[in-house]
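Below: one structure, written as C-alpha cells.
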Amino acid sequence: MGILVTIALILVIFWLLGFIFHIAGAFIHILLVLAVISFIAGFFIKK
C-alpha cells in the first residue's frame, strides 16, 4: 500500500472518531477532504 493511501486511511479513521464523538467541529470535515485528496493522489502518483 502506498504512503498516500495509508495517510488517507489514517485521516478517515480520525474523521470517523471525531464525527462519532463530536470533537473538533468543522476541522473534522477538513480531515475528510484531505483524506479523499490523498486517496485520489495515491492512485495517480504511482512509482
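Rule-based calculations on the coordinates, nothing more; no lab input. As the structure is a prediction and not an experimental result, all values here were calculated from the model. Every residue, glycine among them, receives a Cβ derived from its backbone with ideal geometry; neighbour counts consider all protein chains shown.
Considering only residues that are touching a residue at least 24 places away in the same chain (Cβ under 8 Å) and outside any helix (DSSP H, G or I), which ones fall in region 37-47?
Ile45, Lys46
Out of everything in region 22-36 that is of a type in the set (A, V, I, L, M) and touching a residue at least 12 places away in the same chain (Cβ under 8 Å), what residue ends up being nearest to Ile10 (Cα to Cα)?
Looking at residues that are of a type in the set (A, V, I, L, M) and touching a residue at least 12 places away in the same chain (Cβ under 8 Å), I get Ala35.
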